[in-house]
Structures are given as structure tokens and as C-alpha cells.
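One structure below.
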Amino acid sequence: MVRIGLLLSGGMAKGAYQIGALEAISEWIKASEFEYVAGSSIGALNSYAFLTGNLSKAKDMWKDLGANEDIKWILKAMKKSFVEKVVGDIYVGGDFPAHFSVPLLETCSRKLKYVDLSSVPEADVEKYLLASVAMPVYCKPVEIGNEAFYDGAMVDNIPVKSLADKDLDYIICIYFDTYNYMFENEEFNNKCIKLAFNDNTFISNSIVVSEERTKFMLETGYEKGKEILGEFFKNGTDDLEYIYGQIARYNAENANVKRRVTGDFIVDNINKVTKHIFRHNK
């Protein structure tokens, strides 16, 4: 049986694309068939919804967020009550069918920590989800035990590190950018099915939630996800030779390539701005 991973980046309001893409993925692969999953920021919440069989509820949440035209995501995200409502809308408790990691910034050490939510006490899972979308400056850190955490996306928005050392046959990665990223870990890159959403309204779709845009992103996420996965899984989800061939073809044909270093490098070089943010919030 193939060993599969799932990786979701952060992207603020563009996370609606991921819900559509996850619906497409679920038509090919059940949540229980994934062995390792990692999500950053809004990608963590969407991953949680997928793993707990809660995609329909998450989709309703996105539709509700877009019910009022041109609501600024950033302005709403500043409020603790908004973050708590978003998490509360999708939180259902229970066990995970896969290892599920999220990157978090720990305030005292000022270092990134990858937390496997499948191994923490169930009573703390909702707190970790809250921390995964707690934006520095706009929100206070979320205290869990003797530690306090912020959203780790500002350091590792595509948390490759969580899955790079796992013995997986392939990984489905959903991110938002114009680039066909070549990840630092070459072996990982050669096993990565990339679903990149790169429309020309990146800024507005990242910070604004409206009914029309949310509907567009949900539908586009599903349609594009279904189209691309149909190419990779033409012979099924376990024909590795064919899937690897499609990955190689995709990487060769997509000329807009950019090398992307992973969290291994970034974590050791957190810049002065990040440190200043921590001092500011203390």
C-alpha cells in the first residue's frame, strides 16, 4: 500500500481554494489513507477539517465569512473573538487518522516548533489550532502549559520540514504562488504533486472575504484540483512509476521555477524583524 503525505501552506483568505482542492482530493484518496499531514496557518485549520471528516462544515464556514461584501480579513483577524469563532466553527475533537503537524513560533525561545497534534492531549488540540492562526502584533500568543505560541507561517509558510524526512511515496502540496517551487530537499521535490493557485488577485484574495470571491475560490479549488489529480492518477493512486513520470513532466514543462529553501535554513536565521515583533508583544 502506498504511503501518502499532504502539505497545506498558509494563505489567509485564499485558504478557500484549499477547501475546494481537498474536496477533489477526497474523491481520490480518503483522509484515513494519508499517513502524514502538515498545515501552516489557515492550512492547519483546513487540514484539521479534512482529517476529521469536516469539510462540509469548513465550506459552510468560508461561505459565512463571505456573506458580507468586502470584509477585510486582516481587520477581522486582529480580533481574538474572530479567531476563536473560526476555530470553534470547525473544531469537533476526536482522534486523527494520520500524524498531523503544525509549525508554531514559541515566544520565549523565539524558535519554530513543529507540533504533532495527533500526539498531544485532546484537551490541548483546540488551543494549538488557535495558536496556528494567532498572527503576531494582531493577536496575543496562545498559552499552552508553560509555553506560548504564535502562527508559525511567518517563518515556514510551506512546512516541508514536517514531511521531508518521512518515508513517503508521494506528497500532495497545496500552496499559493506563481512559482513552480523546487524544494531544497531534492528527493522530496521529486515526490511532490503540486497544486499551486496563482491568480492575479493574490493580495485582494488574501485579505478580503466576499461572497463572490469565496465562491470563485471554492469552485476553482475543486475544478483545478480535480483536473490536475486526474492527470496524476490516470492509472490509479498506487501506480508510482506513472505518478513519478507525471511529476517529472510537470517540473520540466513549468518554466516559472524558483528554488525554495525549507524551514531547516529559515529557522536558524530568524531575522531582526521577527525578534522585534516578539519584544513588541511582550
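The values are calculated or read from the model by the stated rules, or taken from the named source; none is laboratory data. Note that the structure is predicted; figures quoted are calculated from it, not measured. Glycine also receives a Cβ, built like all others from the backbone with ideal geometry; neighbour counts cover every protein chain displayed. Remember, those area values only see protein heavy atoms, side chains included, never the ligands or the DNA or RNA. Shrake-Rupley method; radii C 1.70, N 1.55, O 1.52, S 1.80 Å.
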Test result for G152, open to solvent by less than 30 Å² (accessible area, probe 1.4 Å) and at positive phi: no
message: Can you confirm whether V125 is within 14 Å of the chain's Cα centre (by Cα) and among the β-branched types (V, I, T)?
response: no
Within the stretch 106-119, residues being at pLDDT below 95 and open to solvent by less than 30 Å² (accessible area, probe 1.4 Å) number 3
For K215, are the conditions met, namely being modelled with pLDDT of 90 or more, open to solvent by 80 Å² or more (accessible area, probe 1.4 Å), within 13 Å of Q18 (Cα to Cα) and assigned to a helix (DSSP H, G or I)?
-> no
Exercise for the section: Kindly indicate whether D169 is surrounded by 24 or more Cβ atoms within 10 Å (Cβ to Cβ), in contact (Cβ under 8 Å) with a residue 12 or more places away in the chain and charged (D, E, K, R). Expected result: no
Given (1) over 17 Å from A49 (Cβ atoms); (2) crowded, with 17+ Cβ neighbours inside 10 Å; (3) in contact (Cβ under 8 Å) with a residue 60 or more places away in the chain; (4) not small (G, A, S), F100 misses just (1)
Among residues of the stretch 13-38 being among the charged types (D, E, K, R) and open to solvent by 10 Å² or more (accessible area, probe 1.4 Å), the residue nearest to Y114 (Cα to Cα) is E35
G93 meets each of (1) modelled with pLDDT of 80 or more; (2) within 16 Å of Y17 (Cα to Cα); (3) more than 18 Å from the chain's Cα centre (by Cα); (4) small (G, A, S) with one exception, condition (2)
Taking the stretch 149-178 and keeping residues in a loop (DSSP other than H, G, I, E, B) and among the hydroxyl-bearing types (S, T, Y) leaves T178
